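Single-structure report; data block below.
The values are calculated or read from the model by the stated rules, or taken from the named source; none is laboratory data. Only a predicted model underlies this, so the values are computations on that prediction, with no experimental measurement involved. For neighbour counting, all protein chains shown are included, and Cβ atoms are generated from backbone atoms with ideal geometry for every residue, glycine included. The area values use the complete protein model at the heavy-atom level, side chains included, leaving out ligands, DNA and RNA. Shrake-Rupley method; radii C 1.70, N 1.55, O 1.52, S 1.80 Å.
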Amino acid sequence: MFSSALRLLVVAAALMFAQLAQASTNAAAKPADIVFLNPGFANEPFWVSYSEFMQAAAKDLGVNLRILYGERQRERILKNAHTLTVGPLQPDYIIFVNEMYVGPEILRIFAETPVKLFSLHSTLTPEQQTLSGGTRERYKNWIGSLIANDQHAGYLMAKALIEKLSGQPGSMLAFNGIRSTPSSALREQGLRQALAEHPEIKLQQTVVGEWSRQRAYEQAKVLLKRHPDAQLAWSANDEMAFGVMDAAQELGRTPGRDIYLSALNNSDNVFKARINNQISALTSGHFSLGAWAVVMLHDYHAGKDFAERGGKDRVDDLFTLVDEKQAAQLMRHMKMPGYGLNFKNFSAVYKPQIKDYQFSIEDMLH
């Protein structure tokens, strides 16, 4: 009798372990649930296209992705974060941007939760990290980061503008974004790096255009009258470049002929302006950042830690100067289903031979 009872106990234990193993397998097979705390407006062309590119990657990879827009309000971003701390809305992963330097507060909000955090587009500054620590340090659930090389973008635009003067002396105006955005500061560093290499170019004035077409237009109306000899206008995004363009045309200047403008982004309008040479220097590529973050978290969820494939904190050279032909190609790709890309080709789950992620928009330029 004792033997029979023991056998029943062993069988019951075996069944229990089998069920636990199956539950574990099912949990591992469950698609990653990701929320992106988008800092932009829900109708802002750049941040909307950024999210749509992420959704294309999520669809290819079978990831559940939700987008919560912060409407460029610090309080709104943090309120969105708080809603995700409890109940059925709590995701597996949260992707956040250190816009308006909200990063440390987001880390604190989720410190006692099982949610894993990933910083994107702009991560905590070195000064912030002296207090908060880096990824996988003080906050163990802050698992990684991915940013583009914004300093390089600012440098590329400035160099391309300066080349328009063929080595002759000249003067420049600069329109930067918001001071409380790390990417804005980095782009300006790139501008100043290029100017240090070209002492023949005088930077007359730098203003904070706040990423806004209207504000840059109002500023440019004043500055172009104050500095009528300015041949170069460096802008840290496309909306400000269009504001400068509007003001220049009102004052009888012809963009691409007697004043040269730079821009950064991926809107239809900026591609068209590059094609017709109203924009003389265009950099693009960082609109793809969110999609690559989805790839990395998808792989992490499947047990393939991105830290082993290029590091837990990536700074990728995604920015590239875009000529007229490439602008036409990008504009065409942006209208294709899934942008004409198969995101599985970038994933270590589907391509186990990947030793270091090679994220790029190169396939969209041809």
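Go over the candidates 135, 123, 85 one by one and state the one that is over 13 Å from residue 294 (Cβ atoms), crowded, with 20+ Cβ neighbours inside 10 Å, of a type in the set (S, T, N, Q) and more than 16 Å from the chain's Cα centre (by Cα). The conditions single out 135. The set of residues from segment 274-303 being more than 30 Å from residue 114 (Cα to Cα) and not charged (D, E, K, R) comprises 275, 276, 277, 278, 279, 280, 281, 282, 283, 284, 285. For segment 309-360, residues that are in a loop (DSSP other than H, G, I, E, B), within 17 Å of the chain's Cα centre (by Cα) and more than 20 Å from residue 236 (Cα to Cα) total 6. On inspection, residue 166 fails the criterion of being polar (S, T, N, Q), surrounded by fewer than 17 Cβ atoms within 10 Å (Cβ to Cβ) and either in contact with a helix residue (DSSP H, G or I) (Cβ under 7 Å, 6 or more places away or on another chain) or within 28 Å of residue 290 (Cα to Cα) (or both).
Counting the residues of segment 294-308 that are part of a loop (DSSP other than H, G, I, E, B) and open to solvent by 40 Å² or more (accessible area, probe 1.4 Å) gives 3. Taking segment 25-114 and the helices (runs of 4 or more DSSP H) fully enclosed by it, the elements with 1 or more residues that are in contact with a Ser or Thr (Cβ under 8 Å, 6 or more places away or on another chain) are at 45-61, 103-109.
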